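**Q** Attaching a single structure in C-alpha cells format; questions to follow.
Throughout, read-outs are computed from the coordinates displayed, never taken from laboratory work. All values derive from a computational prediction rather than experimental measurement. Don't worry about glycine lacking a Cβ; one is built from the backbone with ideal geometry, like all the others, and counts go over all protein chains shown.
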2 protein chains.
Amino acid sequence: MAKTLVFGHKNPDTDTIASAIAASYLLNQLGGDTEAVAQGTPNAETQFALDFFSVIAPRITTSADTETVVLVDHNEATQSIDNLSEVIVEGIYDHHKFSFTNSTPLYINAKPWGSVATILYYEFKQADIDIPSKVAGLMASAIISDTLLLKSPTTTAYDKPALEDLAAIAGLDDYEKYGLSLLKAGTDLSSRTDKELIDGDAKSFEIGGHKFRIGQVNTVDIADVLTRQSGIEAAMVAEDYEDFLFVITDILNSNSKALYLGDATTSIEAAFGAKISDNVIDLPGVVSRKKQIVPPLEKQF
Amino acid sequence: MAKTLVFGHKNPDTDTIASAIAASYLLNQLGGDTEAVAQGTPNAETQFALDFFSVIAPRITTSADTETVVLVDHNEATQSIDNLSEVIVEGIYDHHKFSFTNSTPLYINAKPWGSVATILYYEFKQADIDIPSKVAGLMASAIISDTLLLKSPTTTAYDKPALEDLAAIAGLDDYEKYGLSLLKAGTDLSSRTDKELIDGDAKSFEIGGHKFRIGQVNTVDIADVLTRQSGIEAAMVAEDYEDFLFVITDILNSNSKALYLGDATTSIEAAFGAKISDNVIDLPGVVSRKKQIVPPLEKQF
C-alpha cells in the first residue's frame, strides 16, 4: 500500500480528480510512494474526461489509512477527509483562500491561478519531468473545467500557455471543441435528482459566523433548471443548513441565477446588490463561486 | 511609497530580516513595488551581518500602511503586524507550521527547509534573477543562523548547496569562520537586561488551549546564563504568561537547558521525558524550537 494518499475536496470536480492523479504521478517520479484517491465518484463532466483519455477513476475513500497525506485543490478541514486531524499533511497544492492549521512545517504550493492543474503543470516543468499523454489530457480538462474554457474571471496569464501545451501533449488538436463537449457533458442535469443537483458541487463555508452551503451547477439553459425550483428548494430545506445558496450558471453566456434559502435575505441582497424575488437572485456576469460569490459574502458577513 | 510591505515575524531574527530584504528585492525584479520592513530592531547577530555586508536595517513598523502585504518567515497572526486582519496577504514564504486563514486566493511557497532564505534562493534560481552580493551575504547569514551552521536537525539537503552558492556570490571565502563569528555575535548577553533576554527571540504559541511563550537565547556557556536565573525568572513572572519556557542553547555543543514557569510542570516533564528541578529542565541534543520544542508540546497538550 502506498505510504501517502493524495486527494482533493469532497464532491470532487474535474480539477480535484485530475490534480490528485497528476500530483501523485509527479511525487512518485520524485521518489515518493503515493496513491491518488477521491472522496467521491466523478461527476458526469469528470467521467467524460476519464473516458476520453481511458483513465480509471481513483479509488474512493473518505478517511486516510496512511499516516501522511497530500491535499490538492483544497486546504480547509471542512472540505477534507474525516480523519484529517489524525494524519500528517505533508503537502498542499491549492488555489483557494486559506484556512489551515497544523503542527509541523510542510510543503505548500499555492497560487491564485485558474486551476491546480495549472500549478502542477509548472511543477512538472520545474522538476523537468515529462507528463504522460493521459495525465496531460486530464490536466487540460481540469483547466478547461475550472476556467470555463479560459473565460472565467479566475483565469490568469499562466492558464492559457499551460492548457495549450497540455493539449498538445495529450494530442488534442482542437481543445476548444473538446472543451465545449466536456463542459456540456457536465450540464446534462435531467438524470440527476434534486438532491444530487444541490449536492453535486456543494461546499461548506464558515463566513462571519454563518454556516454557508454553496452549491453550483453549470447549464446551457437556466430557465430549464428553474422549472424544478420547488423540488430543488425542498431538497435544500431537507439538508438543514443555516444559509444555502444554489448557483445556476449559464456556461455559454457567463451568467448565473441563485436560489437562496436562509434568514439573511437583506444581507445577501446587499452583498450582491440585487433583490431576491421568489428566493431567486439574478447574478449577471457571475460564474465563479471563488471569485464572485464567496468574497462578496465574506465582505458582507 | 511602496504598494506592498514585506516583513517577517515579531522579535526579528537574521532569517526574518534577510528574507524580507531578499523577497522584496526578488518581487521588485519581477515587477512588484514592495518595501522590506521589520517589526523591531535587529538583534546583535543580525546587526553583525548587516554591518559586515554594509546593509542598512529595514524601517521598523508594527502595522501596515499599505493595502497589501507579503509575509516571510511566519504565517500566524500572533507573530505578525497588528492590523493583519485589515490588509490583503498577497504572499507567504515560510518554513514553519501553519495557522493561517484569509479570504482570497494567494501565493504561498512553504517548504520544511532550514531557512526561508534557502527557499528564496531557489526562487531566485527558478526566476533566473541574479542575487546581488550584499543580499546573498545576508541570505547566507540567515541560513547559518537558522541551521546553526548546518548542524541543527532542521537542516535539509537543500540548505548546504544554497549556503555554498550564496557564500560564493557574497565573496565569503570561509563561510564556517564567518558563521562562527556571526553566531558568537548573538551570544554576548552581558549587555542585555533580563527582560531583553527573555523577549529577544520569544514567540507566542496557542498549544492545546494553553497560551505558551517560548523564548530562546544562544550562548557558548549555559551555566553563565543561569547565574542570572533569579533575575530572569522575575522578568518572566512580570510578563504574566500562562506558560513561559525560556530555552538556553549551547551552540557549540548543541545542547539546551530551559527555564519553565507555569502550572503544567507534569505535562512539560512528560513532553520532554525529563524532570524539572529548580524550574530548570535539561534538554540534551535540543537546539531547535520548531523541531524539538514545539512538536513535543503539541503532542502532550
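For every residue, the table says whether it meets (1) touching a strand residue (DSSP E or B) at 6+ places or on another chain (Cβ under 7 Å); (2) part of a loop (DSSP other than H, G, I, E, B); (3) aromatic (Phe, Trp, Tyr).
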| site | (1), (2), (3) |
| --- | --- |
| B:Glu45 | no, no, no |
| B:His74 | yes, yes, no |
| B:Ser85 | no, no, no |
| B:Trp113 | no, yes, yes |
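**Q** Here is a follow-up. So, in the stretch B:101-127, how many residues would count as being within 7 Å of another protein chain (Cβ to nearest Cβ), crowded, with 24+ Cβ neighbours inside 10 Å and not small (Gly, Ala, Ser)?
**A** 1
**Q** Select the helices (runs of 4 or more DSSP H) contained entirely in the stretch A:159-236, then report the ones holding at least 3 residues which are closer than 24 Å to A:Leu138 by Cα and without any contact (Cβ under 8 Å) to a residue 40 or more places away in the chain.
**A** Qualifying helices (runs of 4 or more DSSP H): A:159-170, A:175-185.
**Q** Could you tell me whether A:His9 is assigned to a loop (DSSP other than H, G, I, E, B) and within 27 Å of B:Val294 (Cα to Cα)?
**A** Judged against the criteria, A:His9 is not a match.
**Q** I need a count of the residues in the stretch A:84-100 that are polar (S, T, N, Q) and either at the interface with chain B (Cβ under 9 Å from one of its Cβ atoms) or within 13 Å of the chain's Cα centre (by Cα) (or both).
**A** 1
**Q** Suppose we keep only residues that are under 23 Å from B:Asp221 (Cβ atoms) and surrounded by fewer than 16 Cβ atoms within 10 Å (Cβ to Cβ) within the stretch B:281-301. Which one would you say is nearest to the other protein chains (Cβ to nearest Cβ)?
**A** Filtering the stretch B:281-301 for residues that are under 23 Å from B:Asp221 (Cβ atoms) and surrounded by fewer than 16 Cβ atoms within 10 Å (Cβ to Cβ), the one nearest to the other protein chains (Cβ to nearest Cβ) comes out as B:Gly285.
**Q** For the subset of the stretch B:71-83 comprising residues that are over 14 Å from B:Glu206 (Cα atoms) and within 13 Å of chain A (Cβ to nearest Cβ), which member is surrounded by the fewest Cβ atoms within 10 Å (Cβ to Cβ)?
**A** B:His74
**Q** Additional query: Scan the stretch A:276-294 for residues that are outside any loop (DSSP other than H, G, I, E, B) and in contact (Cβ under 8 Å) with a residue 60 or more places away in the chain and report the count.
**A** Adding up the residues that qualify gives 6.
**Q** Let me ask something else. Could you please give the count of residues in the stretch B:73-128 that are closer than 24 Å to B:Ala168 by Cβ, out of contact with any Phe, Trp or Tyr (no Cβ under 8 Å at 6 or more places or on another chain) and touching a residue at least 40 places away in the same chain (Cβ under 8 Å)?
**A** 6
**Q** Can I ask one more? Which ones in the stretch A:94-111 are closer than 16 Å to A:Ala77 by Cα and in a strand (DSSP E or B)?
**A** Passing the criteria: A:Asp94, A:Ser99, A:Phe100, A:Thr101, A:Ile108.
**Q** Going by what's in this entry, would A:Ala271 be described as in a helix (DSSP H, G or I), out of contact with any His (no Cβ under 9 Å at 6 or more places or on another chain) and crowded, with 18+ Cβ neighbours inside 10 Å?
**A** Yes: the conditions hold for A:Ala271.
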